[in-house]
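Please read the structure below before turning to the comments.
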Amino acid sequence: MANDAMTGVILTGHGDYDQLSYRTDLPIPTPSPGEVQIRVGAAGVNNTDVNTRLAWYSKGDSDAEDASWSGKALSLPLIQGADVCGHITAVGEGVDPARIGERVLIEPCLRAPEAPFSDAMYFGSECNGGFAQYATVAARHAHAIDSPLTDLELASFPCSYSTSENMLTRARVGEGDRVLVTGASGGVGSATVQLARARGAEVVALTSPAKIPLLEELGAAKALDRSADLVAELGRDSIDVVIDLVAGPGWPALLDVMRRGGRYAVAGAIGGAEVPLDVRTLYLKDLSFFGCTV
């Protein structure tokens, strides 16, 4: 490998693993003004990375112009990798050189201060990400971190915890709320259990039977098999907030257990993207719905 080249994995098109190519001749990115260069210590594989590769976000075919997280076409080839922990190795013009050597986590939602949400990009989607030895990003999105956790452990945090925090904030979860979390054993779900508890909420978690003890250890007051009859187990009108990461065929029951004036936030549809909605339930129960990305 030449001194000005690095190893990494590039995405060459939408599809299966055959669209990923391991390379040893990728150019090492240099930081532009306001940016930092990061030597990647670890990069997590997030659902966003998988969904982008598969064109899961597209409502058409895999060649559609809406096949990325932002609803736009990808610029290929692309280095994916949204969840990154590493060290700053160089800085661009206007960035304090004292930051070199700093251990950082990259904030994956890239948006300039005061910019509209429509201008947001996602690290490893609308720009190159962390599935390589080096990456560059605006200095404001590289957050210094002092932690005993390893790079591997820390690389599991950015997407999952920031997504969870956004959902809980949008749904105004606070002390005393009873919160139902679907897909609770996944990255965003387990983050939500912890962050909701930190707000003083009571958490009910839906998961697989084998993972019920883990969710209770993380702070869930009650953990149920995801195939459980929610109305029978929890009762109608018993939940203040639903944090949904699954959707799918069991979705109508989520509204049945919500109290009048309840709030519903969703950031995933791993169980199925299309669900039946009885609009009368939505308006007669005075529910609020929040679609959340980051």
Q | Check on VAL257, open to solvent by less than 30 Å² (accessible area, probe 1.4 Å), over 23 Å from SER156 (Cα atoms) and of a type outside the set (Phe, Trp, Tyr) | A | yes
Q) Which pairs have Cβ atoms under 7 Å, sit 6 or more apart or on different chains, and link a residue in the stretch 235-261 that is at pLDDT 95 or above and among the basic types (Lys, Arg) to one that is surrounded by fewer than 17 Cβ atoms within 10 Å (Cβ to Cβ) and outside any strand (DSSP E or B)? A) ARG259/ASP237; ARG260/ASP237; ARG260/LYS285; ARG260/ASP286
Q | Conditions (1) within 20 Å of ARG199 (Cα to Cα); (2) aliphatic (A, V, I, L, M); (3) open to solvent by 70 Å² or more (accessible area, probe 1.4 Å); number of the one not met by MET167 | A | (3)
(Q) Can you find, within the stretch 124-153, the residue that is surrounded by the fewest Cβ atoms within 10 Å (Cβ to Cβ) among those that are closer than 23 Å to ASP4 by Cα and at pLDDT below 95? (A) CYS127
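Okay, residues lined up against (1) open to solvent by 20 Å² or more (accessible area, probe 1.4 Å); (2) touching a Pro at 6+ places or on another chain (Cβ under 6 Å); (3) within 19 Å of ALA90 (Cβ to Cβ); (4) of a type outside the set (Lys, Arg):
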{"site": "LEU11", "(1), (2), (3), (4)": "no, no, no, yes"}
{"site": "HIS14", "(1), (2), (3), (4)": "yes, no, no, yes"}
{"site": "SER21", "(1), (2), (3), (4)": "yes, no, no, yes"}
{"site": "THR24", "(1), (2), (3), (4)": "yes, no, no, yes"}
{"site": "PRO27", "(1), (2), (3), (4)": "yes, no, yes, yes"}
{"site": "PRO33", "(1), (2), (3), (4)": "yes, no, yes, yes"}
{"site": "VAL40", "(1), (2), (3), (4)": "yes, no, yes, yes"}
{"site": "ASP49", "(1), (2), (3), (4)": "no, no, no, yes"}
{"site": "LEU54", "(1), (2), (3), (4)": "yes, no, no, yes"}
Q. Given the structure, is VAL179 closer than 26 Å to ASP229 by Cα, at pLDDT 95 or above and not in a loop (DSSP other than H, G, I, E, B)?
A. yes
Q: Name the single residue, out of those in the stretch 1-32 being without any contact (Cβ under 8 Å) to a residue 40 or more places away in the chain and in a strand (DSSP E or B), that is nearest to ASP49 (Cα to Cα).
A: LEU20
Q: Among the residues of the stretch 114-171, write down those that are of a type in the set (Asp, Glu) and within 24 Å of GLU35 (Cβ to Cβ).
A: GLU114, ASP119, GLU126, ASP146, ASP151
**Q.** Close pairs from the stretch 100-114: first at positive phi, partner part of a strand (DSSP E or B) and open to solvent by less than 50 Å² (accessible area, probe 1.4 Å), Cβ under 9 Å, at least 6 apart
**A.** GLY101/ILE88
Q: Give just the number: which of (1) basic (Lys, Arg); (2) open to solvent by 80 Å² or more (accessible area, probe 1.4 Å); (3) outside any loop (DSSP other than H, G, I, E, B) does ARG236 not satisfy?
A: (3)
Q.
Every residue in the stretch 161-175 that is of a type outside the set (Ser, Thr, Tyr) and in contact (Cβ under 8 Å) with a residue 60 or more places away in the chain, please.
A. ASN166, MET167, LEU168, ARG170, ALA171, ARG172, VAL173
Q. Here are some conditions: (1) in a helix (DSSP H, G or I); (2) open to solvent by 70 Å² or more (accessible area, probe 1.4 Å); (3) not polar (S, T, N, Q). ARG172 meets all but one. Which one does it not meet?
A. (1)
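Looking at the stretch 239-253, which of its residues are out of contact with any helix residue (DSSP H, G or I) (no Cβ under 7 Å at 6 or more places or on another chain) and buried (at least 17 other Cβ atoms within 10 Å of the Cβ)? Give the derivation first.
Step one: of the stretch 239-253, the residues out of contact with any helix residue (DSSP H, G or I) (no Cβ under 7 Å at 6 or more places or on another chain) are 239-241, 246-252.
If the condition is that a residue be out of contact with any helix residue (DSSP H, G or I) (no Cβ under 7 Å at 6 or more places or on another chain) and buried (at least 17 other Cβ atoms within 10 Å of the Cβ), then ILE239, ASP240, VAL241, VAL246, ALA247, GLY250, TRP251 are the ones that fit.
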Q: Output the number of the condition that GLU102 fails; it satisfies all remaining conditions of (1) farther than 19 Å from LEU245 by Cβ; (2) open to solvent by less than 60 Å² (accessible area, probe 1.4 Å); (3) touching a Cys at 6+ places or on another chain (Cβ under 9 Å).
A: (3)
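Please verify whether the stretch 154-164 includes one or more residues that are surrounded by 24 or more Cβ atoms within 10 Å (Cβ to Cβ), under 16 Å from the mean Cα position of the chain (by Cα) and over 27 Å from ARG99 (Cβ atoms). If you could, list the steps in order and put the result at the bottom.
To start, the set of residues in the stretch 154-164 that are surrounded by 24 or more Cβ atoms within 10 Å (Cβ to Cβ) comprises 155, 158-159, 163-164.
Keeping just the survivors that are under 16 Å from the mean Cα position of the chain (by Cα) gives 155, 158-159, 163-164.
Then drop every residue that is not over 27 Å from ARG99 (Cβ atoms), which leaves 164.
Taking every residue of the stretch 154-164 in turn, at least one turns out to be surrounded by 24 or more Cβ atoms within 10 Å (Cβ to Cβ), under 16 Å from the mean Cα position of the chain (by Cα) and over 27 Å from ARG99 (Cβ atoms).
The values are calculated or read from the model by the stated rules, or taken from the named source; none is laboratory data. From a predicted model like this one, the values you see are computed outputs, not experimental measurements. With ideal geometry, Cβ positions are generated from the backbone for all residues, glycine too; neighbour counts draw on all protein chains shown. Heavy atoms of the whole protein, side chains included, go into the accessibility calculation; ligands, DNA and RNA do not. Shrake-Rupley method; radii C 1.70, N 1.55, O 1.52, S 1.80 Å.
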